[in-house]
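The values are calculated or read from the model by the stated rules, or taken from the named source; none is laboratory data. As the structure is a prediction and not an experimental result, all values here were calculated from the model. Cβ placement follows ideal geometry from the backbone for every residue including glycine, while neighbour counts extend to all protein chains displayed.
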Amino acid sequence: MVRPAAYRIRKYSAKFDPTVVSARFTAIKDLAVEAFEVHAADLEGMENLVKNTIQDKITNPLEVPQYLDFARELYRLTKTHSGKVLASEVAIAKAKWTARGLNPEILDLIIGIFGIGGVVYS
């Protein structure tokens with residue numbers, strides 16, 4: 001049976017009812033905050049590890065945020081990819097950040113923190 005357009009429009013419109021939206025946000029808020037707390041703690045630990053690893057290797061302290069950005073990019077990639085796809089994406093990210101002026105040897109140290117193997121370097 002094919003549903004009429006008017007039925008579909010009425011159902012779609014109901015999704016934007018303020019009470020329905022409020023109820024949905026109320027229902028998922030605690031779960032979302034709990035999940036973000038775990039994510040934020042994991043990210044903080046990773047950033048501290050990266051800072052401690054590279055702090056004696058860099059000559060310009062103003063580059064630290066850029067290295068942390070690279071590490072955050074790797075963190076995101078490890079959450080969405082694995083295997084050869086991850087290795088390729090990491091190689092692309094390394095090339096991008098190297099082109100932006102970061103030291104490839106330090107980038108390799110950061111890649112090593114994540115334990116990403118099989119990265120193909122060009």
Restricting attention to the stretch 80-91, the residues that are β-branched (Val, Ile, Thr) and surrounded by 15 or more Cβ atoms within 10 Å (Cβ to Cβ) number exactly 1
| said: Any residue at all in the stretch 11-19 that's surrounded by 10 or more Cβ atoms within 10 Å (Cβ to Cβ), β-branched (Val, Ile, Thr) and modelled with pLDDT under 95? | reply: no
Checked pairs for the stretch 34-51, first closer than 12 Å to Arg72 by Cβ and in contact (Cβ under 8 Å) with a residue 24 or more places away in the chain, second part of a helix (DSSP H, G or I) and of a type in the set (Gly, Ala, Ser), C-beta under 8 Å and 6 or more apart or across chains, list as Met46/Ala71; Glu47/Ala71; Val50/Ala71
Note on Lys57: of the conditions (1) assigned to a helix (DSSP H, G or I); (2) surrounded by 11 or more Cβ atoms within 10 Å (Cβ to Cβ), unmet is (1)
- prompt: Any residue at all in the stretch 29-51 that is polar (S, T, N, Q) and closer than 30 Å to Trp97 by Cβ?
  reply: yes
Looking across the stretch 20-47 at residues that are surrounded by 11 or more Cβ atoms within 10 Å (Cβ to Cβ) and of a type outside the set (A, V, I, L, M, F, W, C), the single one that is nearest to Glu105 (Cα to Cα) is Glu47
